[in-house]
Amino acid sequence: MTAGQTDHVDALRALLGEKGLVAGGDLSAYETGARYDHGRAAFVMRPATTAELSDAVAYCVRHGIAVIPQSGNTGLVSGSTPDDTGSQAVLSLERMTTVYDIDPVNRTVRAGAGWRLSALNERLDAHGLFFPIDLGADPMLGGMIATNTGGSRFLRYGDVRSNTLGLTTVLADTAGTVLDLGSGLRKDNTGIDWKQLFIGSCGALGVVTECVLKLEPLPQQSATTLLVPSSADAVPALLVAMERACGATLSAFEGMSGNAIRAAFAHVPSLRNPFENGNVPEFVILAELTRSNTAREGEQPLDAMLEEVLAEIWENGEDLLADALMGPPQEIWALRHALSDGVKNAGRLIAFDLAFRRGDVMKFLSHMKAELAVAFPMLSVCDFGHLGDGGVHFNLVTPRDHAALAEPGFETSVRDLVYSVAVERFDGSFSAEHGIGRKNQIYYDRFTPEVIRDLAARLKKAISPAPLGAADFSNTITK
């Protein structure tokens, strides 16, 4: 640590207290990301309140120290870890849990940005409520807002943006300006909805410290099934048929490739393989129906409703289904939630988070698998994702001992190919919900129109001018 950095550490420790500043020693927990990224932090700031966070950010801005906000550090695009210069300060939200105020009648909670999703929902369970973003990871609320997380039940509940009523954010200016944007109102049309600027902005425009979230009643009834479509072309029609027959009870429609499922079984031997003779199909859909009311006398149970709907689809002559397996929801969801770790442990992973129009998802998968088989035959495609909203976790696995991994530019060449096909051929998004981060910066610069990049840079300069976060919106002003 340089003499200058020591001075900064002493000054920030005076602002944040002994628990609020970590310097020297082992900082690897803050320097290592969830997916291979690693950097070096000058020090780590751990404020516990909005006021402390404001003071810390203001100090860093006045002294030219770049700040990397870090929430749960579960992101996959190097958006929450420092670079390798050792000059950036990590701003951890892990102590931002002092705020928790639930309003059961309004179905809202005001919470600090450091609350983990699991911890929040554990508290809300006593009130029969939950924050309806379903994820395999366990992020913090601040990061979820910064990346506008979606999840497996987007089809029913929408994304974080749809469920955020207000937030408090700190700007990267010399004052560490605090903006309190919104309360628990669902309707407030008195001007620009400023909170929307910060949701999904990757932390570049401000650091979220508190949020007001809309809650939903916990499901009281559920039914799940694993569907095997007759072909890739049948999947869009199957989705539409399920939506028309099930209405608002359809809460999930998740696609899982055979490769991803096999990786999950290999990584988690305790998972039950429900397929005949253990033969995993090449593509499987997890469909779920839920109701938030307790079962009423005379009401058709969801299991019976699901069986009836599938029978109707089977008999309508469109040849959409090859098989359907009913099972306990917790067992079926255990398989879905094991996919990510299973794929990660299958080899060296190159992961993509893509989005398409719903009717284009299977077309992209078919096209991309055929093209990769020629261009990069060593890659195994282990895709899964949210068919109901057009999202795809397009994961490519390389054996860890394969010579291609030692070739300079190998991963970049793979990413260039996949992103160019996704964006230019299928008019998709190169980041459905993971954000911009250092891994996606070059693709933001490549695929975002110049007029939009220019506007983003001007907005960044106007409201939060200092370096904040890994996404760089400030160096694209050309006029």
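Worth a mention:
- In this structure, Ser87 does not qualify as under 27 Å from Asp353 (Cα atoms) and either in contact with a Cys (Cβ under 9 Å, 6 or more places away or on another chain) or not acidic (Asp, Glu) (or both).
- Within the stretch 388-427, restricting attention to residues that are surrounded by fewer than 22 Cβ atoms within 10 Å (Cβ to Cβ) and small (Gly, Ala, Ser), the residue that is nearest to Leu286 (Cα to Cα) is Gly390.
- Total residues in the stretch 324-333, condition over 17 Å from Ala245 (Cβ atoms) and surrounded by 14 or more Cβ atoms within 10 Å (Cβ to Cβ): 5
- Residues that are of a type in the set (Lys, Arg) and within 22 Å of Phe265 (Cβ to Cβ) within the stretch 349-401 comprise Lys369, Arg400, listed in sequence order.
- Of all residues in the stretch 227-245, those satisfying the criterion of being in contact (Cβ under 8 Å) with a residue 24 or more places away in the chain, out of contact with any Pro (no Cβ under 8 Å at 6 or more places or on another chain) and not charged (D, E, K, R) are Leu227, Pro229, Ser230, Ala232, Ala234, Pro236, Ala237, Leu239, Ala241, Met242, Ala245.
- Any hit, the stretch 273-291, residues being among the aliphatic types (A, V, I, L, M) and modelled with pLDDT under 95: no
- Residue match in the stretch 322-330 (condition: closer than 26 Å to Gly151 by Cβ, of a type outside the set (A, V, I, L, M, F, W, C), touching a residue at least 40 places away in the same chain (Cβ under 8 Å) and in contact with a Lys or Arg (Cβ under 8 Å, 6 or more places away or on another chain)): no
- Of everything in the stretch 246-261 that is touching a residue at least 40 places away in the same chain (Cβ under 8 Å) and of a type outside the set (A, V, I, L, M), the residue that is surrounded by the fewest Cβ atoms within 10 Å (Cβ to Cβ) is Cys246.
- Candidate set: the stretch 166-175, residues that are in contact with a Ser or Thr (Cβ under 7 Å, 6 or more places away or on another chain) and surrounded by fewer than 23 Cβ atoms within 10 Å (Cβ to Cβ); chosen: the one nearest to Ala287 (Cα to Cα): Gly166
- Single condition Ala51 does not satisfy, out of (1) closer than 30 Å to Arg110 by Cβ; (2) of a type outside the set (Val, Ile, Thr); (3) crowded, with 21+ Cβ neighbours inside 10 Å: (3)
- Any strands (runs of 3 or more DSSP E) falling wholly within the stretch 129-237 and containing at least 2 residues that are among the β-branched types (Val, Ile, Thr) and farther than 21 Å from Thr98 by Cβ: 221-229
- Residues that are of a type in the set (A, V, I, L, M) and surrounded by fewer than 24 Cβ atoms within 10 Å (Cβ to Cβ) were ranked within the stretch 134-154; the one that is nearest to Tyr59 (Cα to Cα) is Ala137.
- Scanning the stretch 429-479 for residues that are touching a Leu at 6+ places or on another chain (Cβ under 7 Å), among the polar types (S, T, N, Q) and part of a loop (DSSP other than H, G, I, E, B) returns a single hit, Ser464.
- Among the conditions (1) farther than 20 Å from Gly469 by Cα; (2) in contact with a Leu (Cβ under 6 Å, 6 or more places away or on another chain), Thr6 misses just one, which is (2).
- The residues of the stretch 99-115 that are out of contact with any strand residue (DSSP E or B) (no Cβ under 6 Å at 6 or more places or on another chain) and of a type outside the set (Asp, Glu), listed by number, are Pro104, Val105, Asn106, Arg107, Trp115.
- Counting only helices (runs of 4 or more DSSP H) wholly contained in the stretch 1-80, the ones carrying 2 or more residues that are of a type in the set (D, E, K, R) and in contact with a Gly (Cβ under 7 Å, 6 or more places away or on another chain) occupy 50-62.
- Scan of the stretch 269-316 for residues that are of a type in the set (Phe, Trp, Tyr), buried (at least 16 other Cβ atoms within 10 Å of the Cβ) and not in a loop (DSSP other than H, G, I, E, B), ordered by number: Phe283
- For the condition assigned to a loop (DSSP other than H, G, I, E, B), in contact with a helix residue (DSSP H, G or I) (Cβ under 9 Å, 6 or more places away or on another chain) and crowded, with 18+ Cβ neighbours inside 10 Å, Ala346 qualifies.
- Flag for Leu365 being in the same structural domain as Met242 (by TED's automatic domain parsing), surrounded by 13 or more Cβ atoms within 10 Å (Cβ to Cβ), touching a helix residue (DSSP H, G or I) at 6+ places or on another chain (Cβ under 8 Å) and not in a strand (DSSP E or B): no
- Checklist (1) part of a strand (DSSP E or B); (2) among the small types (Gly, Ala, Ser); (3) surrounded by fewer than 21 Cβ atoms within 10 Å (Cβ to Cβ) applied to Gly385, failing item: (3)
- Residue list for the stretch 213-238, filter: buried (at least 24 other Cβ atoms within 10 Å of the Cβ) and farther than 20 Å from Phe275 by Cα: Leu213
- Any hit, the stretch 424-445, residues being among the β-branched types (Val, Ile, Thr) and at pLDDT 95 or above: no
The values are calculated or read from the model by the stated rules, or taken from the named source; none is laboratory data. Just so we're clear, the structure is a prediction, and the values are computed from it rather than from any experiment. Using ideal geometry, Cβ is built from the backbone for each residue, glycine included, and neighbour counts are taken over all protein chains shown.
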